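The values are calculated or read from the model by the stated rules, or taken from the named source; none is laboratory data. Predicted model only: the values in this text are computed from it and were never measured. Here the Cβ positions follow ideal geometry from the backbone for every residue, glycine too, while neighbour counts run over all protein chains shown.
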Amino acid sequence: MSVNLSTSLFYGRSTSAMQTLSARIDTLNTQVSTGKKLLTPSDDSIGYQRLQGITRANADGVQDAANVTIAQSVLQQAGTALTQITDQLQRASELVIQGKTGTNSVDAQNAIATELEGILASVVALANAKDARGGPLFGGRDDAAAVTPGAGGQLGFAEGKASAIPIGDGQSVEVTVNAREFLDSPSGDLGSALAGIIAALRAGEAIPEAASDALDAIGEQVTATQATVGARELRVDIQAAQIKTASSDREIARSGIEDADATETIIELQKTMTILQATQASFSKLSSLSLFDYLR
């Protein structure tokens, strides 16, 4: 029986094994230092494709979250302004009731008229407030003033409606309301109504019922608009929570694909180093033999 030993084959196989182990050690060292187990697309092509999808989704999520933050801010601002307008209109209604008693002195009537003028100016100022983006809070399709007082007290309103804000998943929300929707009514706008009431008070005449009815109708419209804005704000808050949850879910998925488990990686590194050392020692011992001293 004859034995054919190939020294070159031995060297080749041993060298290849040690190179493979060394490369694995380099990879594990990189994983330990970076905390990442997916270093190149070739490490896990399917995982890498999933990571690309997660990255794109994260970018979209960041933009959606930014839009949601803006929407929340503007809606909160609108809700606060509408609450203040409601308070002003409630006071106006109280003053109108006082003015209708017929027992007020001329000075008292003039005082009521003066306060109503101040209320109108306050409501116009609130309606013309700027939102968090610098645009009209209750304006139209452009940056024109939401409300413009005209001759005789009549109010002019911006035209159109501001664009809705996209908040993700094909959804959008209207964060502004045109002032016309709550300061104008079939019976007349707020400016015209208060102007008629003020004129009657200063002239010592009875307050026009049409103007009083218009004031009441506008008050109801403001309340209804508050409810609408509140519903939109709730919807945006729900979307914000969903965006946050989706972001957390994507991070868990990304970590499972990309991140290395430090403990497991270190253990595998130590094991691989031990195998390499043993292989090197074995190779060194065998290669030092004269023809491996096989014939001895």
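When we screen Leu21, Leu38, Leu95, Leu89 for residues that are part of a helix (DSSP H, G or I), under 39 Å from the mean Cα position of the chain (by Cα) and surrounded by 14 or more Cβ atoms within 10 Å (Cβ to Cβ), the only hit is Leu89. The combined condition, being more than 26 Å from Ala231 (Cα to Cα), polar (S, T, N, Q) and at pLDDT 95 or above, is not fulfilled by Thr103.
Restricting to region 190-215, name every residue that is surrounded by fewer than 17 Cβ atoms within 10 Å (Cβ to Cβ) and part of a helix (DSSP H, G or I). Of everything in region 190-215, those that are surrounded by fewer than 17 Cβ atoms within 10 Å (Cβ to Cβ) and part of a helix (DSSP H, G or I) turn out to be Ala199, Arg202, Ala203, Glu209, Ala210, Asp213. Of all the criteria given as (1) free of Cβ contacts under 8 Å to residues at least 24 places away in the same chain; (2) of a type in the set (Val, Ile, Thr); (3) part of a loop (DSSP other than H, G, I, E, B), the one not satisfied by Thr148 is (3). The listed residues are Asp64, Asp26, and the only one of them that is in a helix (DSSP H, G or I), loosely packed, with under 14 Cβ neighbours inside 10 Å and not polar (S, T, N, Q) turns out to be Asp26. Note on region 41-68: among residues that are free of Cβ contacts under 8 Å to residues at least 40 places away in the same chain and within 12 Å of the chain's Cα centre (by Cα), the one that is nearest to Ile257 (Cα to Cα) is Val62. For the condition assigned to a helix (DSSP H, G or I), closer than 30 Å to Ile238 by Cα, of a type in the set (Ser, Thr, Tyr) and under 22 Å from the mean Cα position of the chain (by Cα), Ser163 does not qualify.
Within region 169-185, the only residue that satisfies the criterion of being under 19 Å from Ala127 (Cβ atoms), surrounded by fewer than 19 Cβ atoms within 10 Å (Cβ to Cβ) and within 25 Å of the chain's Cα centre (by Cα) is Glu174. Taking each residue of region 131-144 that is in the same structural domain as Asn178 (by TED's automatic domain parsing) and surrounded by 14 or more Cβ atoms within 10 Å (Cβ to Cβ) and looking for partners that are not hydrophobic (A, V, I, L, M, F, W, C) and not in a loop (DSSP other than H, G, I, E, B) with beta-carbon atoms closer than 8 Å, six or more apart or interchain, yields Asp131/Ser73; Asp131/Gln77; Ala132/Ser73; Ala132/Gln77; Pro136/Lys130; Leu137/Gln77; Leu137/Lys130; Ala144/Pro136.
Quick one: Ala81 ticks every box in (1) under 30 Å from Arg202 (Cβ atoms); (2) of a type in the set (Gly, Ala, Ser); (3) not assigned by TED's automatic domain parsing to the domain that holds Ser172 except a single one, so which number is it? Condition not satisfied by Ala81: (3).
The set of residues from region 126-183 being touching a Leu at 6+ places or on another chain (Cβ under 6 Å) and of a type in the set (Val, Ile, Thr) comprises Val147, Val175.
Quick grid of which residues meet (1) surrounded by 14 or more Cβ atoms within 10 Å (Cβ to Cβ); (2) modelled with pLDDT of 95 or more; (3) in the same structural domain as Val124 (by TED's automatic domain parsing); (4) at positive phi:
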{"residue": "Ile167", "(1), (2), (3), (4)": "yes, no, yes, no"}
{"residue": "Gly188", "(1), (2), (3), (4)": "yes, no, yes, yes"}
{"residue": "Ala224", "(1), (2), (3), (4)": "no, yes, yes, no"}
{"residue": "Val229", "(1), (2), (3), (4)": "yes, yes, yes, no"}
{"residue": "Gln242", "(1), (2), (3), (4)": "yes, no, yes, no"}
{"residue": "Asp249", "(1), (2), (3), (4)": "no, no, yes, no"}
